[in-house]
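Asker: I have a structure I would like to understand better, so I am pasting it below and will then ask my questions one at a time.
Rule-based calculations on the coordinates, nothing more; no lab input. What you are looking at is a predicted structure, and each value in this text was computed from that prediction instead of being measured. Positions of Cβ are generated from backbone atoms using ideal geometry, with glycine treated the same way; all protein chains shown enter the neighbour counts.
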Amino acid sequence: MTTVTTMNETDQTNSEKRSAYGLTLADWQREMTEVRKLPKFRADQIMKGLYCEQKTSWDAFTTLPTSLRAELTEQIPIEPMQLTQENPSRDGTNKLLLACPSDGEKIETVLIPSKGRMTQCISTQAGCAFRCAFCASGQLGKSRDLTTAEIVGQVMESIRLLTVQNGSFMRPSNIVVMGMGEPFDNYDNVLRALKILNEQKGLDIGARHITISSCGVVPGIQRLATEGLQFELSISLHAPTQELRRELMPVSRRWPLDELIDACAAYTEATGRLVTFEYTLIDRLNDQPQDARALIALLRRLPCKVNLIPLSPVEGFPGRRPEERACLAFLDLLMKARIPTTMRNSRGRDVNAACGQLRLRRLKEELPPQGGKE
Ligand code: SF4
C-alpha cells in the first residue's frame with residue numbers, strides 16, 4: 001500500500017524532472033557553485049525572486065546574467081499551477097481546484113481564514129490509495145504522487161490569489177498537510193516541499209506552523225522521529241478500538257491501532273513534541289460515552305492533544321453528523337480525563353469542503369455515463 005523509502009536529497013533532485021519550485025536553497029547553492037561555477041549568492045537571488053517577489057518567468061530575474069536566465073528557462077523552468085475553479089464558502093473558506101502543469105491532473109487546496117491567521121490545507125497526491133471510509137479522496141483511488149514542485153506550487157498559486165485579493169503581498173501563515181493523499185506515502189517529496197516552504201530565505205513559514213497529518217502509516221512516523229525537524233504531527237484516528245478502526249480506516253489492517261499508538265508514544269519521547277489526534281464524531285458509530293471511555297484508555301499511554309470534528313456529509317458514506325448534545329458530552333468526558341481537547345467545525349461545509357470532494361465531483365462530471373461509450 002505504501003513505501004517509505006530512504007533517499008538522500010541529491011537523489012531526489014535527480015530522479016524528478018527538475019522544476020524551479022522543487023529545489024531547496026542547498027540544491028540551488030550546489031547548482032550555482034558546483035554545476036555552473038557561479039558565486040553562491042546567485043542562489044539567494046533565485047530564492048528571493050521565486051518566493052519573496054513571486055516571479056514566474058526567468059526573464060524577470062534581471063539581477064541574473066542573461067545567459068543564466070536562458071539556461072534556467074530551458075533546464076529548470078518555473079511551472080506555476082493553473083487555477084481552474086474557485087469555490088468560496090460563506091464562512092470565508094476558499095477551496096481551489098488546481099491543474100498540474102505537466103499533465104493537467106486536478107488537485108485541491110483550501111484556504112481557511114481565521115482570526116489573524118490564514119491556514120492553507122495542501123494536497124500531496126492526486127487521489128489516495130488509503131480509502132478511509134468517509135473521505136472522498138480515497139473513493140477513486142490514487143492517480144499519482146505529486147512532485148515537490150507541485151506541492152510547493154499550491155502555496156505559490158494561493159499567494160498569487162491572496163495578493164491580488166488583498167492588494168499587497170499575502171501568504172498563508174500556517175500550512176496543514178491534510179488535503180488529498182497520505183503524506184507518508186510520498187515521504188521524500190513532501191518533506192522536501194515542507195523544507196522549501198520553511199526556508200528562511202524563501203517564504204519562511206515557521207516549522208511549528210506546519211502540520212503533517214497521517215492516517216497512521218507507522219514507518220513514516222518512525223522516520224519523521226529521526227529527522228530532527230520541528231513540524232507538528234497529527235494522526236487521523238477516528239476510532240477508539242481496532243475493531244472499528246479496521247472498518248473506517250483500512251490502513252489499520254496493515255498497522256493496527258496498538259502499533260500506531262506505540263509509534264506515536266516513541267515519536268513523542270524522541271522529539272519531545274505532542275501528537276494531535278483527529279477524531280471525527282459520527283452519529284452512533286463512535287460518539288457514545290463508551291467510545292469516549294475507550295479513547296481515554298487508549299490515549300493514557302502518551303501525552304497528546306485531541307481535536308474532535310463532527311462529521312460533514314460526504315458523498316458515498318452513509319454516516320451522519322451527531323447531535324450537538326452528543327458531541328459536547330464526548331468533549332466533556334475527555335476534558336474530565338485531563339486530555340487537552342478542542343472541538344472543531346469542518347469549515348466550508350457549503351462548498352464540498354471535505355478532502356477530495358471537489359475533485360471527485362469534477363472527475364465524475366468528466367467520466368462518460370456508466371455503461372456508455374464515447
Ligand atoms: S483521509 Fe487522507 S489518507 Fe484517508 S483516504 Fe482521505 S486523503 Fe487518503
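Asker: Of all DSSP beta bridges in the chain, what percent run antiparallel (nearest 5)?
Answerer: Of all bridge pairs located within the chain, approximately 45 percent are antiparallel.
Asker: If the only charges are +1 at each Lys and Arg Cβ and -1 at each Asp and Glu Cβ, what is the size of the charge dipole of region 216-265 around the Cα centre, to the nearest 20 debye?
Answerer: Using Cβ point charges on Lys, Arg, Asp and Glu, region 216-265 gives about 180 debye.
Asker: Right, something else. Under 25 °C and 0.890 mPa s, how fast does region 51-115 diffuse according to Stokes-Einstein, given a Kirkwood radius computed over C-alpha pairs? Answer in µm²/s, whole number.
Answerer: Result for D is 172 µm²/s.
Asker: When all alpha-carbon pairs of the chain are counted, what percent fall beyond 26 Å? Present the calculation step by step, with values, prior to reporting the outcome.
Answerer: On the way: 36798 of 69751 pairs.
That tail contains 53 percent of the Cα-Cα pairs.
Asker: Please give me, ordered by residue number, the GluC sites (Glu not before Pro) of region 236-297 that lie in loop per DSSP and have at most 16 other Cβ atoms within 10 Å. List each step's numbers first, then the result.
Answerer: Values: sites: GLU243, GLU247, GLU259, GLU269, GLU278; in loops: none.
Hits after loop and neighbour filter: nothing returned.
Asker: Here is a further query. Is it possible to state the helix-based mean residue ellipticity at 222 nm for the chain, with each DSSP H run of 4+ residues giving -39500 (n - 2.57), the sum divided by total residues, to the nearest 500 deg cm²/dmol? What is it?
Answerer: On the way: 13 runs with 129 residues, N = 374.
My calculation for the chain gives -10000 deg cm²/dmol from helical runs alone.
Asker: Say R0 is 30 Å: what FRET efficiency, to the nearest 0.05, do ALA70 and ASP103 get from their beta-carbon distance?
Answerer: 0.70
Asker: Given a cut-off of 31 Å, name the pairs among LYS37/LYS142; LYS40/LYS95; LYS55/LYS115; LYS17/LYS305 whose C-alpha atoms lie farther apart than that in the structure shown. Present the calculation step by step, with values, prior to reporting the outcome.
Answerer: Working: LYS37/LYS142 41 Å; LYS40/LYS95 39 Å; LYS55/LYS115 29 Å; LYS17/LYS305 39 Å.
Those over the limit are LYS37/LYS142; LYS40/LYS95; LYS17/LYS305.
Asker: Right, another one. Could you give the nm distance between label points at ARG273 and MET335, where each point is 7 Å from its Cα heading toward the beta carbon?
Answerer: Distance between the two pseudo-spin positions: 2.8 nm.
Asker: Give me a comma-separated list of calculated 3J(HN,Hα) values for region 183-194, in order, Karplus coefficients 6.51, -1.76, 1.60 applied at θ = phi - 60°, integers in Hz, x for any Gly or Pro.
Answerer: Each residue of region 183-194 in turn: x, 7, 7, 9, 4, 5, 5, 5, 4, 4, 4, 5 Hz.
Asker: Kindly write out, for region 240-254 in residue order, the coupling ³J(HN,Hα) from the Karplus curve 6.51 cos²θ - 1.76 cosθ + 1.60 (θ = phi - 60°), rounded to whole Hz, with x marking Gly and Pro.
Answerer: x, 10, 5, 4, 6, 5, 4, 6, 7, 10, x, 4, 6, 6, 7
Asker: Enumerate the whole-percent occupancy of each 5 Å bin, from 0 to the last occupied one, for all C-alpha pair distances of region 89-241.
Answerer: 2, 9, 19, 23, 21, 15, 8, 3, 1, 0
Asker: Hey, another quick one. Rounded to the nearest 20 Debye, what is the dipole magnitude of region 203-342 about its Cα centre when Lys and Arg each give +1 and Asp and Glu each give -1 at the C-beta?
Answerer: So the magnitude is around 240 debye.
Asker: Can you give the FRET efficiency for GLU34 and ASP258, using 1/(1 + (r/R0)^6), R0 = 30 Å, r = Cβ-Cβ distance, to the nearest 0.05?
Answerer: Between GLU34 and ASP258 the formula returns 0.05.
Asker: Run the simple label-point estimate for SER168 and GLN288 please: 7 Å along Cα→C-beta, distance reported in nm.
Answerer: Taking the two extended label points, one gets 5.6 nm.
Asker: If you don't mind, another one. Taking the Cα centre as origin and putting +1 on Lys and Arg beta-carbons and -1 on Asp and Glu beta-carbons, what dipole magnitude results for the chain, to the nearest 20 debye? Write out the running numbers ahead of the final one.
Answerer: On the way: 48 positive and 45 negative charges, 152 e Å.
Dipole magnitude for the chain comes out near 740 debye.
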